[in-house]
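Shown next, in structure tokens, is the structure this report addresses.
The values are calculated or read from the model by the stated rules, or taken from the named source; none is laboratory data. Values in this document were obtained by computation on a predicted structure and should not be read as measured data. Don't worry about glycine lacking a Cβ; one is built from the backbone with ideal geometry, like all the others, and counts go over all protein chains shown.
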Amino acid sequence: MAEPTRHSKVLILGAGPAGYTAALYAARAELKPMVIAGPEPGGQLTTTTEVENFPGYPKGVTGPEMMEDLKAQAERFGTETIYDLANEVDLDQRPFRVVGDSGVYTCDALIIATGASAKYLDLPSEQRLRNKGVTACATCDGAFFRGQKVAVIGGGDTAMEEAMFLTRMCAEVHVIHRRDSFRASKVMQRRVLDNPKITVHWNRAVKEVLGTDSVTGLLLTDTAGGPDERLDVTGMFLAIGHEPNSKPFRGLLDMDEQGYIKIAKAGTTYTNRAGVFVCGDVADRVYRQAVTAAGTGCMAAIDAERWLAEHHES
């Protein structure tokens, strides 16, 4: 039996802050958007226990609760959420075509809001303690570790930035790096090495994250062949990179060397394909915050609405 095909003026791939903000604006413009939720409905915020830096929540809110609020607000104005995975995309002709597990979707304008995923070490103990002391965002979660001892894993500029940021509120910051030199820029290296609150552990890798209900320490292995050692910390911040969720668009859209989708026109959300727009972390290798993702989601919806109007399709 042939897969059912559904059409919408605006199809949004991704159900995080960028996707649902785009949906909210598109729905209020009476474009009746459909959101394909993807493998992680709600995006990275669904793995965040507490959000205290998103405007409008003075007492904070859990990530899942905030995403339910955004979803409900978008659906109030006519957004339809579809729980499916986008596996294949055809941008060579219009309407654009997206093939999912459960059906085929066509649209006049496509908004890509598929986000990015932080890279983890793939340790069972790490996964068990995610959001219980293991996190991949110092800007998001650093304040919860005020006055505590924490570790940052990585050796690039991001790790240096995270470590410097954490010194503002943490008693001690330990940088764990598997080599004997950093990949970070010389300026960032010097700032870290000169900071009295930061201790660097060279030639070390995390073998196990210790703790039952929360992180109590790390078991470090010596990559140069020495004995394992324990480091007592209450938080572990991963800073080994992010991977943009852009695989279905490879070869179809312009991307940088890491796979982030490029903006074709500065100050907009246009891609190199007319009628295809991008917002959120799949195009943002710098900020990666819920509020910046939401802002570009707003931009994408407005760009799509105006583009459709210019083509007499709104």
**Request:** Look through 269, 292 and report the one residue that is polar (S, T, N, Q) and either surrounded by 22 or more Cβ atoms within 10 Å (Cβ to Cβ) or touching a His at 6+ places or on another chain (Cβ under 8 Å) (or both).
**Result:** 269
**Prompt:** at pLDDT 95 or above and in contact with a helix residue (DSSP H, G or I) (Cβ under 7 Å, 6 or more places away or on another chain), is that true of residue 208?
**Reply:** yes
**Request:** Quick one: in the range 90-127, of everything that is within 21 Å of the chain's Cα centre (by Cα) and in a strand (DSSP E or B), which residue is farthest from residue 209 (Cα to Cα)?
**Result:** 110
**Prompt:** Out of the residues in the range 285-310 that are of a type in the set (D, E, K, R) and in contact (Cβ under 8 Å) with a residue 40 or more places away in the chain, which is nearest to residue 95 (Cα to Cα)?
**Reply:** 305
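Evaluate the range 150-158: report whether one residue or more is more than 20 Å from residue 205 (Cα to Cα), in a helix (DSSP H, G or I) and among the acidic types (Asp, Glu).
no
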**Request:** Any chance you could count how many residues in the range 54-83 are assigned to a loop (DSSP other than H, G, I, E, B), under 25 Å from residue 5 (Cα atoms) and of a type outside the set (S, T, N, Q)?
**Result:** 3
**Message:** Taking the condition of being under 9 Å from residue 80 (Cα atoms) and either under 20 Å from the mean Cα position of the chain (by Cα) or surrounded by fewer than 23 Cβ atoms within 10 Å (Cβ to Cβ) (or both), how many residues in the range 24-33 meet it?
**Reply:** 1
**Complete:** Just one listed residue, out of 60, 14, is among the small types (Gly, Ala, Ser) and closer than 30 Å to residue 214 by Cα, and it is 60
**Message:** Considering only residues that are more than 25 Å from residue 87 (Cβ to Cβ) and among the basic types (Lys, Arg), which ones fall in the range 109-128?
**Reply:** 128
**Asked** Restricting the range 220-234 to residues that are of a type in the set (A, V, I, L, M) and surrounded by 16 or more Cβ atoms within 10 Å (Cβ to Cβ), which is nearest to residue 131 (Cα to Cα)?
**Response** 233
**Request:** Taking the options 284, 303, name whichever one is crowded, with 20+ Cβ neighbours inside 10 Å, not in a helix (DSSP H, G or I) and not assigned by TED's automatic domain parsing to the domain that holds residue 178.
**Result:** 284
**Members of the range 25-53 found to be modelled with pLDDT of 90 or more, assigned to a loop (DSSP other than H, G, I, E, B) and under 23 Å from residue 117 (Cα atoms), listed by number** = 37
**Asked** Somewhere in the range 239-250, is a residue loosely packed, with under 12 Cβ neighbours inside 10 Å and either closer than 21 Å to residue 118 by Cα or outside the structural domain of residue 151 (by TED's automatic domain parsing) (or both)?
**Response** yes
**Prompt:** Mind checking which residues of the range 186-226 are in contact with a His (Cβ under 9 Å, 6 or more places away or on another chain) and either in contact (Cβ under 8 Å) with a residue 60 or more places away in the chain or in a helix (DSSP H, G or I) (or both)?
**Reply:** 218
